[in-house]
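No value in this document is a laboratory result; all are computed from the given coordinates. From a predicted model like this one, the values you see are computed outputs, not experimental measurements. Positions of Cβ are generated from backbone atoms using ideal geometry, with glycine treated the same way; all protein chains shown enter the neighbour counts.
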Amino acid sequence: MPTLVVLDLVGIFVFAVSGGLVAVRKDLDLFGVLVLAGTTGLGGGFLRDVLIGATPPAALADWRYLLVPVGAGLLTFGYHPTLGRMERTVNVFDACGLAVFCVAGALKAYDVGLGPIPAALLGMVTAIGGGMVRDLLAGRVPVVFRGELYAIPALAGATAVVVGLELDLPRVGVALVGAATCLVWRLLAMWRGWQAPTPATSASV
Amino acid sequence: MPTLVVLDLVGIFVFAVSGGLVAVRKDLDLFGVLVLAGTTGLGGGFLRDVLIGATPPAALADWRYLLVPVGAGLLTFGYHPTLGRMERTVNVFDACGLAVFCVAGALKAYDVGLGPIPAALLGMVTAIGGGMVRDLLAGRVPVVFRGELYAIPALAGATAVVVGLELDLPRVGVALVGAATCLVWRLLAMWRGWQAPTPATSASV
Amino acid sequence: MPTLVVLDLVGIFVFAVSGGLVAVRKDLDLFGVLVLAGTTGLGGGFLRDVLIGATPPAALADWRYLLVPVGAGLLTFGYHPTLGRMERTVNVFDACGLAVFCVAGALKAYDVGLGPIPAALLGMVTAIGGGMVRDLLAGRVPVVFRGELYAIPALAGATAVVVGLELDLPRVGVALVGAATCLVWRLLAMWRGWQAPTPATSASV
């Protein structure tokens, strides 16, 4: 479906820019920028496809899915000062990518025959996996673990999708509600500074 | 077989607690605790299943395998000071998890048709893989590489299983001998402070 | 084909030695040396096989592919001062491994039915993947990201292979041209100190 593909490509593009910016800040070379852009944009989907056995991943069978992160990487390489200043805008797009990916991931895992709980989890993995691989390759603890509410909105969106499918509601509506759940929650968390709970005084450990 | 499932779940639980404790010590948030608990408990089996092509992994098809690490993560999040003080007990349980996983991993790889050497290796990977993923995500070199005898007992247990199967000995006996080999060796290594050999004077490199 | 297998084993051996040397320099124990040798030698092929769904990976079905990295690891463990002094020689062998692997990876991905662009990318992944896993496990940012021209020659060699196959040229010739492209470029980059481009003044980010 064209709309879904366009959304998917937008998500990949935005994630790839975020990966490219991390690479620039780590002083990596052009190739490092392209690889981090590619793994951030495509990593979540690759993880999902490998786990559900849907190999080779869709992105390897469709050249548009490879062209987009390369384009995003080159753009970041050339215009990183500008993109770095647009951090607020990039973050909003990133939230859109998160929303698109958690829905697409949950739909695909559900269609492949996984039960509702694993399907919701894989939706979340699809949404946050690329960023986790980016942080591993860049040598830092995944930011998704550090306070900011990022994974929970993705899990909520994926859960909404799975619940809707279990209730046999129409697919398009389910997808929209799931994406909106994730997007609104994530944007509010960003703008209000909501944090995930942390362990009580870890000093005693 | 109920006994095997119970053992498997105990192993996942113990490994998940060890992952949750690492996350607490790294000051990660609730989500970081849950993810590290989940990847530590399930990561070894996921690695094995992806490598032998048995996807989706069993843990994604059985909700108990997902519930246990979530429960372990929440428990660790809430009671980490108590669990942290029980380090000796946790380590004994961890050795039990190691023994269960090296046997279960070797059995599964062998049943899938791998030869004896790869099956023994995959048994070891199943046992140590979760901890390695935990350490990667927590931003530290896998502790399994650092002196303590951890992987060798797992490899020994898996090897005992494979040798037994090649000799057509009864499965239950083979599993018990394999688990005992790994468990006893690991406990002795812990209590006697046995270390793996390190390279001679690396100063000259 | 015997020749191809011999080349493949040589590539695995050389990569495994490079992984073992990194482990020795990080003061890891014997097991750490063996695991880093094994993952560096076999990791690229494992990544490729998991991504294209060719599981279990070939290396798990052929004991020679397991024996070679173990041998390389033991050799490195015992003779690392000598091997460390032979760095120039090791690097030349490493370039040969890169050339062999980018060709073998691209051929396998193409044969499995992937399109030309994904097949070239997977050829590169096969060649550089082992080293990336090695660096992740050793707790450092992959060196392939840091200035030296390493991945681009591998991508060039894999691309030459794919273009040749698309033009229906004879397989052996295509493989030789691809390997020569990668090898010559890599050796020149090493000897002339060619670097990959880095982002313009990242100070402003």
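When Lys and Arg each count +1 and Asp and Glu each count -1, what net charge do the other residues less than 13 Å away from C:Val125, Cβ to Cβ, add up to?
Net charge around C:Val125: +1.
Using only atoms on other chains, find how many Cβ atoms lie within 10 Å of each Cβ of peptide A:117-123 and report the average.
Other-chain Cβ atoms within 10 Å of each residue's Cβ, averaged: 3.
Taking a temperature of 4 °C and a viscosity of 1.567 mPa s, what whole-number D in µm²/s does Stokes-Einstein yield for the protein assembly as shown with Rh from Kirkwood over alpha carbon pairs?
Translational diffusion coefficient: 52 µm²/s.
Count charges around B:Val100 for me, please; just the other residues with Cβ under 13 Å from its Cβ, Lys/Arg as +1, Asp/Glu as -1.
That works out to 0.
Taking a label point 7 Å out from Cα toward Cβ, give me the nm distances from A:Asp62 to the same spot in the other copies, shortest first, one decimal.
Nearest to farthest, the other copies are at 3.5, 3.5 nm.
Whole-Hz ³J(HN,Hα) for each residue in segment C:12-23, computed from phi via Karplus 6.51 cos²θ - 1.76 cosθ + 1.60 with θ = phi - 60°, x for glycine and proline: what do you get?
For segment C:12-23, the Karplus-derived couplings read 4, 4, 5, 4, 5, 4, 4, x, x, 5, 4, 5 Hz, x marking Gly and Pro.
Could you grab the Rg to Rh ratio for segment B:2-194? Cα atoms only, Kirkwood for Rh.
My calculation puts Rg/Rh at 0.96.
Can you list, shortest first in nanometers, how far A:Arg192 lies from the same residue in the other copies, with each label 7 Å from Cα toward Cβ?
Inter-copy label distances (nm, one decimal, shortest first): 5.9, 5.9.
Rounded to whole Hz and in sequence order, give me ³J(HN,Hα) for segment A:113-130 from the Karplus expression 6.51 cos²θ - 1.76 cosθ + 1.60, θ = phi - 60°, writing x for Gly and Pro.
x, 6, x, x, 5, x, 5, 5, 4, 5, x, 5, 4, 4, 6, 9, x, x
About the Cα centre, and with charges only on the beta carbon of Lys, Arg (+1) and Asp, Glu (-1), how big is the dipole of segment C:23-76? Nearest 20 debye, please.
Roughly 100 debye, rounded to the nearest 20.
How high is the FRET efficiency between A:Asn91 and B:Arg88 when r is their beta carbon distance and R₀ equals 41 Å, given to the nearest 0.05?
0.35
Give the value in nm², to one decimal: projected area of the alpha carbon convex hull of segment C:73-154, averaged over all directions.
For segment C:73-154, the mean projected area of the Cα convex hull comes to 6.4 nm².
Net charge near C:Gly84, counting Lys/Arg +1 and Asp/Glu -1 over other residues with Cβ under 15 Å of its Cβ?
+1
Taking 25 Å as R0, compute the FRET efficiency from the Cβ-Cβ separation of B:Asp168 and C:Val70 and round it to 0.05.
It comes to 0.40.
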